[in-house]
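Here the structure is laid out as structure tokens; the discussion comes afterwards.
The values are calculated or read from the model by the stated rules, or taken from the named source; none is laboratory data. All values derive from a computational prediction rather than experimental measurement. Ideal geometry is used to build each Cβ from the backbone, glycine not excepted, and the neighbour counts take in all protein chains shown. With ligands, DNA and RNA removed, areas are computed over all heavy atoms of the protein, side chains included. Shrake-Rupley method; radii C 1.70, N 1.55, O 1.52, S 1.80 Å.
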Amino acid sequence: MPLPKAKTKPKTDIGQFSMLIYGPSKFGKCLAGSSWLVDTVTKRIVTIKEVIEEKKTVYSLNHAGNIISVNFTNFAENPPEQLYLLKTQTGRHIEVTEEHPLLTENGWKRLKDLNVDEDRVCVVVDYCNVFGSTHTEDARLKVLAYLIADGNLNGTSITFTKHEDVVRDDFIASAEESGDICIEYADNTAVRVKKSSTKGRSNLKDYIIEQGLDNKLAKDKFIPNFVFGLEKAKLSLFLNRLFTCDGSAEAWGRISYSSTSIHMVEQVQHLLSRFGINCLVRDRYLNDKLYGAELLISQRDDVIKYCTEIGMFGEKNNRIQEILIKIQDKEAKHTQIR
């Protein structure tokens, strides 16, 4: 199928582009087996390897740039040493062969023909309204987000550390819905989840083990795959509590999220794309060593979407409301001047 010949309005913002994979049949279009795709049925993340093994239906882009559902047909396997890592200024990355064609502002180019810091490639930034149907209790989602962000998951018991009373109380209420007992430390900075009198360990400990997060250090934490298949309202709640702990809202209107787990920051970037929120990810360094990653939401429309559809809880929610008011005041002032 030929590419469209009609010209479209030029785009100067890399955040407006989507990535297309195009080229001659069976020639050089190779990706790493670990590359992420979205299952059209569950809306969860699957790898190319899983798609091949389980014959899954996944989302792809057609030549017009529309997200469509496609069926697995066939594959060819090449040695992994033929793959190269391509990383964009927005923090997205992909492993492809040197012959792999990528769409640039100047048409299709093979990876080996790209010029670093000169060529711009199109990337997928918007899986808008791709939500699943998984329904999980609010209490479980809040506790999971809190523990991924500020939980100590080592040992036989679980500890959640937070100085803000309203957030700590929210965690306690959510944890106790599972039938567990929470004990606050004397300095009111942390909560320990205690096992019930009839079990060897707490219900939350069992839940953390079930999700594969038991004994994970901060740099190794991740978002369980079931979260990607949540209903929109449930996913919004999960992200709300995650940002409440590890996110920030700056007075001038930028939203950020950081973690020592680079993989988790990339997961959050993808989840935000489900809401049509574009953001970039940049590496964080400590003493000249890679320490983690930071996600930034800075464009006006993306900030508004985040504030209205996700937000934060507790004191940080006050900052979210202040940002919205400032944006509204600025727009009203601009209208009056015009």
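Looking at (1) out of contact with any Ser or Thr (no Cβ under 9 Å at 6 or more places or on another chain); (2) surrounded by fewer than 16 Cβ atoms within 10 Å (Cβ to Cβ), which is the only condition residue 231 fails?
(1)
Kindly provide the set of residues from the stretch 140-186 that are open to solvent by 10 Å² or more (accessible area, probe 1.4 Å), hydrophobic (A, V, I, L, M, F, W, C) and not in a loop (DSSP other than H, G, I, E, B), ordered by number.
149, 166, 172, 173, 181, 182, 183
Would you confirm whether or not the stretch 204-221 contains a residue that is within 15 Å of the chain's Cα centre (by Cα), of a type outside the set (Gly, Ala, Ser) and buried (at least 17 other Cβ atoms within 10 Å of the Cβ)?
yes
Determine which single condition residue 241 fails, assuming it passes every other condition in (1) in a loop (DSSP other than H, G, I, E, B); (2) touching a Lys or Arg at 6+ places or on another chain (Cβ under 6 Å).
Residue 241 satisfies every listed condition except (1).
Would you list the helices (runs of 4 or more DSSP H) that sit entirely within the stretch 248-338 and hold 3 or more residues that are surrounded by fewer than 16 Cβ atoms within 10 Å (Cβ to Cβ)?
Per the criteria, 300-309, 315-337.
Can you find, within the stretch 20-46, the residue that is modelled with the lowest pLDDT among those that are part of a loop (DSSP other than H, G, I, E, B) and hydrophobic (A, V, I, L, M, F, W, C)?
Within the stretch 20-46, the match that is modelled with the lowest pLDDT is 20.
Need pairs with beta-carbon distance below 9 Å; first residue at positive phi and within the stretch 145-169, second open to solvent by 60 Å² or more (accessible area, probe 1.4 Å) and assigned to a loop (DSSP other than H, G, I, E, B); sequence gap 6+ or separate chains.
If the second residue must be open to solvent by 60 Å² or more (accessible area, probe 1.4 Å) and assigned to a loop (DSSP other than H, G, I, E, B), the pairs left are 155/215.
Determine if the stretch 190-201 includes at least one residue that is open to solvent by less than 80 Å² (accessible area, probe 1.4 Å), in a loop (DSSP other than H, G, I, E, B), within 21 Å of residue 227 (Cβ to Cβ) and modelled with pLDDT under 90.
The answer is no; no qualifying residue exists.
In this structure, is residue 257 at pLDDT 95 or above and in contact with a strand residue (DSSP E or B) (Cβ under 7 Å, 6 or more places away or on another chain)?
yes
Just need a number here: residues in the stretch 236-254 that are touching a strand residue (DSSP E or B) at 6+ places or on another chain (Cβ under 8 Å) and among the aliphatic types (A, V, I, L, M).
Counting residues in the stretch 236-254 that are touching a strand residue (DSSP E or B) at 6+ places or on another chain (Cβ under 8 Å) and among the aliphatic types (A, V, I, L, M) gives 2.
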